[in-house]
1. Taking the residues in the range A:261-280 that are in a helix (DSSP H, G or I) and without any contact (Cβ under 8 Å) to a residue 40 or more places away in the chain as candidates, determine which candidate is surrounded by the most Cβ atoms within 10 Å (Cβ to Cβ).
2. Name the residues in the range B:229-259 that are more than 7 Å from chain A (Cβ to nearest Cβ) and touching a residue at least 60 places away in the same chain (Cβ under 8 Å), would you?
3. Given the condition in the same structural domain as residue A:54 (by TED's automatic domain parsing), in a loop (DSSP other than H, G, I, E, B), in contact (Cβ under 8 Å) with a residue 12 or more places away in the chain and farther than 19 Å from residue A:47 by Cβ, answer yes or no: does some residue in the range A:232-241 qualify?
4. Can you tell me which residue among A:208, A:194, A:213, A:201 is more than 9 Å from every other protein chain (Cβ to nearest Cβ), assigned to a helix (DSSP H, G or I), in contact (Cβ under 8 Å) with a residue 12 or more places away in the chain and within 27 Å of residue A:328 (Cβ to Cβ)?
5. Looking at residue B:201, is it in the same structural domain as residue B:48 (by TED's automatic domain parsing), in a loop (DSSP other than H, G, I, E, B), in contact with a strand residue (DSSP E or B) (Cβ under 8 Å, 6 or more places away or on another chain) and under 30 Å from residue B:46 (Cβ atoms)?
6. Does residue B:209 fit the bill of being more than 13 Å from every other protein chain (Cβ to nearest Cβ), in contact (Cβ under 8 Å) with a residue 12 or more places away in the chain and crowded, with 18+ Cβ neighbours inside 10 Å?
7. Which residues, counting only those in the range A:57-91, are more than 21 Å from residue B:72 (Cα to Cα) and either within 12 Å of another protein chain (Cβ to nearest Cβ) or part of a helix (DSSP H, G or I) (or both)?
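The values are calculated or read from the model by the stated rules, or taken from the named source; none is laboratory data. Remember, it's a predicted structure, so these values are computed and weren't measured experimentally. Every residue, glycine among them, receives a Cβ derived from its backbone with ideal geometry; neighbour counts consider all protein chains shown.
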């Protein structure tokens with residue numbers, strides 16, 4: 001928050017600003033003091049905003065041409081691909097955009113885990129972020145159903161059937177969700193409505209996420225509290241704007257490569273077969289970004305417990321600020337946590353891999369071990385580590401690391417040079 | 001941190017290897033040079049026209065092409081038949097239209113705006129005529145099969161006598177590339193089956209390649225535009241990225257911190 005009171009220069013500006021302080025807001029956003037040592041992992045917030053807006057804009061255009069009806073949905077998607085001007089481009093951006101969105105959000109979340117951005121005083125930012133992530137998963141799942149291909153239909157059947165695990169009312173809830181006794185036209189129309197609604201809920205939460213961020217200000221790679229504004233900070237504009245812009249452009253190159261050269265590689269071939277309730281595909285697999293949770297679901301032999309495990313795997317993240325007992329934020333100064341962090345990264349990648357494989361034999365065994373470790377990390381490792389770990393000394397400021405000469409400072413410096421190209 | 005990154009990378013490699021060795025148990029698809037692959041990939045016009053001929057003379061008696069219109073045949077980026085040729089092709093089909101003023105359905109010659117005429121009235125009729133198996137619609141077929149064009153190309157040439165011990169029911173054939181090796185479509189291609197007007201030798205391999213190229217186009221009619229536009233978009237983004245990079249360097253040089 002800027003310390004000085006902002007007054008617009010022009011009379012009209014002042015008149016308007018006294019009635020609605022939009023100019024004060026704009027001034028706050030441009031002057032917003034940001035730690036000067038933020039590395040490129042911090043650019044994914046801006047990239048995610050871009051992803052959200054891209055999905056909303058392309059989705060709006062697609063919705064103008066799409067027909068939410070079980071008999072016409074598949075055909076209307078082919079109509080978009082063939083006859084709508086640049087419809088193929090809009091649809092491929094939207095379909096690959098979902099994958100890019102998740103790629104960015106996973107980097108964003110794991111950045112937060114590494115640098116301890118979820119810790120006090122940023123718990124509310126973190127929890128809003130988890131809600132956004134949950135809504136993203138819902139939106140992605142609902143959107144995948146809309147083309148009404150085989151994977152859409154059977155994915156919808158599998159996921160909605162999870163609710164039948166709820167004791168007593170489960171079956172009733174599933175029928176209520178379907179709007180009938182199987183996944184059919186009423187399911188498709190409500191999924192379309194919700195798929196249209198959720199991005200705007202996400203947009204609202206993103207505003208809150210950024211608002212909550214602007215109260216304490218950004219965390220930074222060395223994870224210390226900094227005075228704002230000070231020699232440790234730079235104004236958001238132009239320093240961070242140009243850096244975020246540069247990172248966004250690099251991200252867009254990757255994005256463009258997928259859209260123009262391998263637009264279907266992240267999707268499943270079966271989704272180009274129109275939905276057929278009488279033919280079940282050989283393997284029903286969700287999109288890649290949901291695979292780790294799918295693996296957790298299948299690793300538990302009991303249906304209800306599997307669903308609980310899957311939901312807990314996400315919700316446990318919301319409790320993270322209290323599960324992690326360490327006062328030190330950045331992993332740079334936590335030698336043990338740093339190792340466990342990378343084990344967790346590997347664990348999630350393994351879960352994603354076995355999620356794509358059939359749930360049998362060795363794969364099932366690996367999935368079970370990886371699931372157990374996932375929970376162990378959050379429920380045992382993190383709370384214990386906070387008490388037992390010997391952390392290395394943390395510098396007092398970004399510009400004046402007064403602990404000159406300590407080997408840990410070298411580590412901090414190395415971390416700092418992360419952002420050098 | 002780096003060590004653990006390496007470890008996780010190794011684990012990923014290990015599993016990647018496992019995955020590949022699993023895949024290796026399946027048969028390798030036949031390979032050929034596809035003109036439409038790569039950053040500048042384009043369709044071979046002549047191959048598309050020949051492919052259309054194979055589809056028309058061989059496949060279309062069972063397989064529909066329901067998302068394609070006759071006008072597509074003359075559009076840019078496709079087989080690019082002339083307007084007259086496309087009109088003649090359309091007119092060679094009888095299209096059911098109506099109802100007319102008397103409330104009767106009637107047959108008329110096809111127009112450019114018509115969708116490809118379907119070989120069967122409906123899915124049930126198709127099944128009844130094909131021993132219970134539904135010949136899938138071919139418009140997006142190459143995108144609907146995991147192996148894509150290589151799979152279709154191989155399948156068309158993959159018929160052989162069943163190995164000892166495999167017994168086939170009536171109307172079921174052995175194909176080494178088909179999932180489960182049993183297919184209800186009999187071998188369709190034989191040397192010289194069609195007579196290409198451009199004098200190309202109609203070998204089984206040639207026909208398989210031509211018709212698969214045609215199917216790639218029916219699945220991705222805007223592939224050429226996509227490749228051209230993608231190249232421009234990426235070049236534009238790279239130039240912009242370089243410019244922004246230098247602007248960023250310049251802006252950040254005002255303070256000591258490096259970016």
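1. Taking the range A:261-280 and keeping what is in a helix (DSSP H, G or I), we get A:261, A:269-272.
Checking which are without any contact (Cβ under 8 Å) to a residue 40 or more places away in the chain leaves us with A:261, A:269.
On the way: A:261: 17, A:269: 20.
If we take residues in the range A:261-280 being in a helix (DSSP H, G or I) and without any contact (Cβ under 8 Å) to a residue 40 or more places away in the chain, then A:269 is surrounded by the most Cβ atoms within 10 Å (Cβ to Cβ).
2. Of the residues in the range B:229-259, the ones more than 7 Å from chain A (Cβ to nearest Cβ) are B:231-232, B:235-236, B:239, B:242-243, B:246, B:249-250, B:253-254, B:256.
Scanning the range B:229-259 gives a single hit, B:231.
3. Taking the range A:232-241 first, the residues in the same structural domain as residue A:54 (by TED's automatic domain parsing) are A:232-241.
Subsequent filtering for residues that are in a loop (DSSP other than H, G, I, E, B) retains A:232.
Within this subset, residues satisfying the condition of being in contact (Cβ under 8 Å) with a residue 12 or more places away in the chain are A:232.
After this cut, where a residue has to be farther than 19 Å from residue A:47 by Cβ as well, the list is A:232.
Checked the range A:232-241: at least one residue is in the same structural domain as residue A:54 (by TED's automatic domain parsing), in a loop (DSSP other than H, G, I, E, B), in contact (Cβ under 8 Å) with a residue 12 or more places away in the chain and farther than 19 Å from residue A:47 by Cβ.
4. On the way: A:208 fails: within 27 Å of residue A:328 (Cβ to Cβ); A:194 fails: within 27 Å of residue A:328 (Cβ to Cβ); A:201 fails: within 27 Å of residue A:328 (Cβ to Cβ).
On inspection, the qualifying residue turns out to be A:213.
5. On the way: in the same structural domain as residue B:48 (by TED's automatic domain parsing): yes; in a loop (DSSP other than H, G, I, E, B): yes; in contact with a strand residue (DSSP E or B) (Cβ under 8 Å, 6 or more places away or on another chain): no; under 30 Å from residue B:46 (Cβ atoms): yes.
Against the criterion (in the same structural domain as residue B:48 (by TED's automatic domain parsing), in a loop (DSSP other than H, G, I, E, B), in contact with a strand residue (DSSP E or B) (Cβ under 8 Å, 6 or more places away or on another chain) and under 30 Å from residue B:46 (Cβ atoms)), residue B:201 does not qualify.
6. Details: more than 13 Å from every other protein chain (Cβ to nearest Cβ): yes; in contact (Cβ under 8 Å) with a residue 12 or more places away in the chain: yes; crowded, with 18+ Cβ neighbours inside 10 Å: yes.
When the stated conditions are applied, residue B:209 passes them.
7. A:57, A:58, A:59, A:60, A:61, A:62, A:63, A:64, A:73, listed by residue number.
Each row is one residue, and each column tells you yes or no for (1) surrounded by 15 or more Cβ atoms within 10 Å (Cβ to Cβ); (2) within 12 Å of chain B (Cβ to nearest Cβ).
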{"site": "A:293", "(1), (2)": "yes, no"}
{"site": "A:300", "(1), (2)": "yes, no"}
{"site": "A:304", "(1), (2)": "no, no"}
{"site": "A:316", "(1), (2)": "yes, no"}
{"site": "A:325", "(1), (2)": "no, no"}
{"site": "A:328", "(1), (2)": "yes, no"}
{"site": "A:340", "(1), (2)": "yes, yes"}
{"site": "A:346", "(1), (2)": "yes, yes"}
